[in-house]
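Contents: one structure, followed by commentary.
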Amino acid sequence: AQSVTQLGSHVSVSEGALVLLRCNYSSSVPPYLFWYVQYPNQGLQLLLKYTSAATLVKGINGFEAEFKKSETSFHLTKPSAHMSDAAEYFCAVIQGGYQKVTFGIGTKLQVIP
Amino acid sequence: DAGVIQSPRHEVTEMGQEVTLRCKPISGHNSLFWYRQTMMRGLELLIYFNNNVPIDDSGMPEDRFSAKMPNASFSTLKIQPSEPRDSAVYFCASSPGQGNEKLFFGSGTQLSVL
């Protein structure tokens with residue numbers, strides 16, 4: 001069965017610094033991978049998704065993620081953190097042809113002024 | 001479009017009471033999901049409907065939980081009887097249902113069982 005592992009339940013970065021949130025996947029077939037963001041007291045919103053068209057995926061708010069099959073990773077990055085990026089980020093995987101989405105445990109991003 | 005609408009936004013109830021959570025998916029979406037979010041377990045998929053039919057309910061914790069989707073625009077998640085360990089945020093999400101598409105989440109129902 002497919003799953004994702006997020007390394008680090010809490011990450012703190014300074015405003016303007018690089019954001020790196022880690023996600024590794026486990027899948028027996030080529031996966032479809034997603035990053036979602038959850039702001040306080042809200043539901044999740046899609047940041048970006050990987051569907052095998054390109055290994056580097058650009059999303060909203062300046063975020064991007066790179067699919068690396070050799071490392072089974074799909075890490076989320078942003079060159080320069082903004083205060084508004086403070087939220088919880090979830091990596092997720094879906095098996096092709098079936099709508100069941102499995103989420104990681106989430107990583108809370110704190111941005112320090 | 002108003003997005004996925006959940007009600008109530010907050011629910012406080014006493015142990016043993018019946019709780020009903022409601023969800024209106026985005027019009028035209030064929031798939032509907034109920035998730036539960038807790039600090040300890042993160043986001044757990046409880047049940048998934050496609051074209052109003054339950055496809056996967058393996059995540060439903062026990063018989064106290066039940067979900068229905070009587071039509072394409074409405075779904076309920078019921079807990080009877082409720083227990084303190086059911087306290088969590090319950091999210092409903094919908095998608096167009098064509099496969100591998102993003103989920104659109106509601107704002108959630110914060111359930112507290114005392």
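The local environment of residue A:54, defined by Cβ-Cβ distances under 14 Å, has a net charge of +2 under the rule Lys, Arg +1 and Asp, Glu -1.
Using only Cα positions of the protein assembly as shown, each an equal point scatterer, no hydration layer, compute I(q)/I(0) via Debye at q = 0.08, 0.18 Å⁻¹ and quote the log10 values to two decimals. Calculated log10 I(q)/I(0) at the listed q: -0.29, -1.33. Pull out a ≥ b ≥ c, the square roots of the eigenvalues of the alpha-carbon gyration tensor of the stretch A:58-113, then state rounded if a/c is under 1.5, prolate if not and a/b is larger than b/c, and oblate in the remaining case. Prolate shape, in that a/c is at least 1.5 and a/b is the bigger ratio.
Stretched out straight at 0.36 nm per residue, the stretch from residue B:112 to residue B:20 would grow longer than its current Cα-Cα span by 31.9 nm.
Pairs over the 21 Å Cα-Cα cut-off, from the set A:58/A:78; A:49/A:69; A:49/A:108; A:49/B:24; A:100/B:102: A:49/B:24.
Electrostatic bookkeeping for residue A:24 treats Lys and Arg as +1 and Asp and Glu as -1; over the other residues with beta carbon under 12 Å from its beta carbon, the sum is +2.
For chain A, a Gaussian network of Cα nodes joined below 10 Å ranks A:64, A:15, A:88 by mean-square fluctuation, and the top entry is A:15. Sorting A:82, B:29 by the number of Cβ atoms found within 10 Å of their own Cβ, with the fewest placed first, yields A:82, B:29.
Positive end of the charge dipole of chain A (Lys, Arg +1 and Asp, Glu -1 on Cβ, about the Cα centre): tell me which of A:86, A:42, A:70 has its Cα farthest that way. Farthest along the dipole direction, towards plus: A:70. Using all pairs of distinct alpha-carbon atoms, the Kirkwood hydrodynamic radius of the stretch B:1-109 works out to 13.9 angstrom. The overall shape of the stretch A:1-100, judged from the alpha-carbon gyration tensor, is prolate: a/c is not under 1.5, and a/b is greater than b/c. Normalised by the number of residues in the stretch B:1-92, the average gap of Cα pairs under 8 Å and 6 or more apart makes the relative contact order 34 percent.
Coordinate-derived values only; no laboratory data. Since this is a predicted model, take the numbers as computed values, not measurements. When we count neighbours, we look across all protein chains shown, and the Cβ atoms used for this are built from the backbone with ideal geometry, even at glycine.
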